[in-house]
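Just below is one structure, and these are the notes that go with it.
The values are calculated or read from the model by the stated rules, or taken from the named source; none is laboratory data. The structure displayed is predicted, hence computed values, not measured ones. So basically every Cβ, Gly included, is an ideal-geometry build from the backbone, and we count neighbours across all protein chains shown.
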Amino acid sequence: MHITVLGTGLMGYPIARRLCEAGHTLTVWNRSRDKAERLLASGARVADTPAEAVQDADIVIGMLENGAAVEAVLFGQGAAAQALTPGTLVVDMASIKPREARDHAARLQALGVAHLDAPVSGGTVGAEQGTLAIMAGGDADDFARALPVMQVLGRATHVGPHGAGQLAKLANQLIVSVTIGAVAEALLFAGKGGADMAKVREAIGGGFAESRVLQLHGGRMVERDFTKRAAMSVQLKDMRNVMDTARELGFEAPVSTLFEQLFEQAVDNGLADLDHSALFVELARRNGMQ
C-alpha cells in the first residue's frame with residue numbers, strides 16, 4: 001500500500017519507520033526537511049511539499065501539532081484541493097478539537113476524500129513499539145479499510161462518528177493530566193514528610209494506586225528525568241481543547257478547569273519544553289522543594 005505520512009516529529013518519525021518496516025511504500029513530508037530525511041535510510045521517499053507528498057497515496061496519515069497545523073497543511077498548502085484524489089483516505093492522528101475534525105471531514109468528503117480522526121495515546125515509547133492506543137472516529141467502512149495499517153502501530157478502536165476519536169483522546173488526556181498531578185503531589189507529600197519518594201512509589205505499586213502513570217511518570221519524577229517525550233506545552237494544548245469542548249457541550253468540568261490552570265502555570269514558569277511529568281517540578285516549586 002502507498003502511504004504518506006505528514007509530520008515526522010517525535011511521534012510521526014517512529015510511526016513512519018514502523019510502516020516502512022512493515023513493507024509499505026512510504027512518502028514523508030515535514031516542515032523541517034531534515035526530520036523527514038532521517039527516514040531515507042528506511043526506504044521512504046521525502047517530498048518537498050504536502051501536495052507532492054499526497055499524490056498517488058492510498059492512505060494519508062497526519063501527525064501534526066494542532067488543528068491549525070492540520071488546517072494549513074491540508075487546505076492552506078493545497079494538499080486537499082490540488083493533490084488528493086477521490087477515494088484517498090486521510091487518517092488524522094493529530095490531537096485536535098472535535099469540531100475541527102468534523103469540519104475537516106466534511107470538507108474532504110466534498111472532494112470525494114474519506115476521513116478518520118484517529119488520535120493516539122502511548123507516547124514515543126508506544127509509537128516505537130507499535131503499542132499505541134488508537135481512537136478512531138468516522139465511518140465504519142473507512143475504519144475497516146484503515147485497520148490493517150493501524151494494527152502495525154497499535155490497538156485501534158472505532159469509537160463513533162467523525163469527531164468521536166478526538167472526544168476519546170480528550171477524555172484520555174484529562175485522565176493523564178489528573179493522574180500525573182496526583183502522582184506528583186503524592187510523592188512530594190510523602191517526601192515533604194520525610195519519606196523516601198522512591199520507596200513510597202515502590203510500596204504503593206500493586207495496590208489500588210497502581211497505574212501506568214505511577215510506574216512510568218512516577219519513575220521519571222523520582223529520577224528527576226524530565227527529558228521531553230510528551231511535551232508539557234502539548235499537554236496544556238490538550239487541556240485547553242478539553243475546556244473549549246466542554247463549553248461547547250455545556251458540560252461542567254471542575255477537575256479539568258483546575259488542571260488546565262496547573263499546566264498553564266507550569267508552562268508560564270518555563271517548563272514548556274519538558275516532559276509533561278514535569279508538573280512535578282511546578283508542584284515542588286510551590287512547596288519550596290528542590
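On the given criteria, is GLU202 surrounded by 13 or more Cβ atoms within 10 Å (Cβ to Cβ), charged (D, E, K, R) and part of a helix (DSSP H, G or I)? Here the answer is no, as GLU202 does not meet what is asked.
Hey, does the stretch 244-254 have a residue that's touching a Ser or Thr at 6+ places or on another chain (Cβ under 7 Å), assigned to a helix (DSSP H, G or I) and either in contact (Cβ under 8 Å) with a residue 12 or more places away in the chain or assigned by TED's automatic domain parsing to the domain that holds ASP141 (or both)? So that I can check it myself, show each step before the final result.
Quick first cut of the stretch 244-254, residues touching a Ser or Thr at 6+ places or on another chain (Cβ under 7 Å) only: 246.
Imposing the further condition that a residue be assigned to a helix (DSSP H, G or I) reduces the set to 246.
With either in contact (Cβ under 8 Å) with a residue 12 or more places away in the chain or assigned by TED's automatic domain parsing to the domain that holds ASP141 (or both) added as a condition, the list becomes none.
Among the residues of the stretch 244-254, not one is touching a Ser or Thr at 6+ places or on another chain (Cβ under 7 Å), assigned to a helix (DSSP H, G or I) and either in contact (Cβ under 8 Å) with a residue 12 or more places away in the chain or assigned by TED's automatic domain parsing to the domain that holds ASP141 (or both), which makes the answer no.
Report yes if some residue within the stretch 79-90 is among the small types (Gly, Ala, Ser), under 20 Å from GLY122 (Cβ atoms) and out of contact with any Phe, Trp or Tyr (no Cβ under 9 Å at 6 or more places or on another chain); otherwise report no. Looking for residues that are among the small types (Gly, Ala, Ser), under 20 Å from GLY122 (Cβ atoms) and out of contact with any Phe, Trp or Tyr (no Cβ under 9 Å at 6 or more places or on another chain), one finds none in the stretch 79-90, hence no. Restricting the stretch 156-178 to residues that are touching a residue at least 40 places away in the same chain (Cβ under 8 Å) and part of a loop (DSSP other than H, G, I, E, B) leaves a set whose member that is surrounded by the most Cβ atoms within 10 Å (Cβ to Cβ) is GLY163. Pairing residues of the stretch 140-154 that are surrounded by fewer than 16 Cβ atoms within 10 Å (Cβ to Cβ) and at pLDDT 95 or above with residues that are of a type outside the set (Gly, Ala, Ser) and outside any helix (DSSP H, G or I), at Cβ distances under 7 Å and at least 6 apart in sequence or on separate chains, gives ALA140/HIS158.
Does VAL28 qualify as being modelled with pLDDT of 95 or more, within 30 Å of LEU236 (Cβ to Cβ) and among the β-branched types (Val, Ile, Thr)? Write out each step before concluding.
Working: modelled with pLDDT of 95 or more: yes; within 30 Å of LEU236 (Cβ to Cβ): yes; among the β-branched types (Val, Ile, Thr): yes.
Yes.
For the structure I just gave you, tell me whether LEU283 is hydrophobic (A, V, I, L, M, F, W, C) and buried (at least 19 other Cβ atoms within 10 Å of the Cβ). So LEU283 passes the test. Within the span defined as the stretch 257-268, one or more residues are under 19 Å from GLN166 (Cα atoms), in the same structural domain as GLU185 (by TED's automatic domain parsing) and surrounded by fewer than 17 Cβ atoms within 10 Å (Cβ to Cβ).
Apart from one condition, ARG220 fits all of (1) out of contact with any helix residue (DSSP H, G or I) (no Cβ under 7 Å at 6 or more places or on another chain); (2) of a type in the set (Lys, Arg); (3) in a helix (DSSP H, G or I); (4) in contact (Cβ under 8 Å) with a residue 12 or more places away in the chain; the exception is (1).
Checking each residue in the stretch 223-243 for being assigned to a helix (DSSP H, G or I) and of a type in the set (Gly, Ala, Ser) picks out only SER233.
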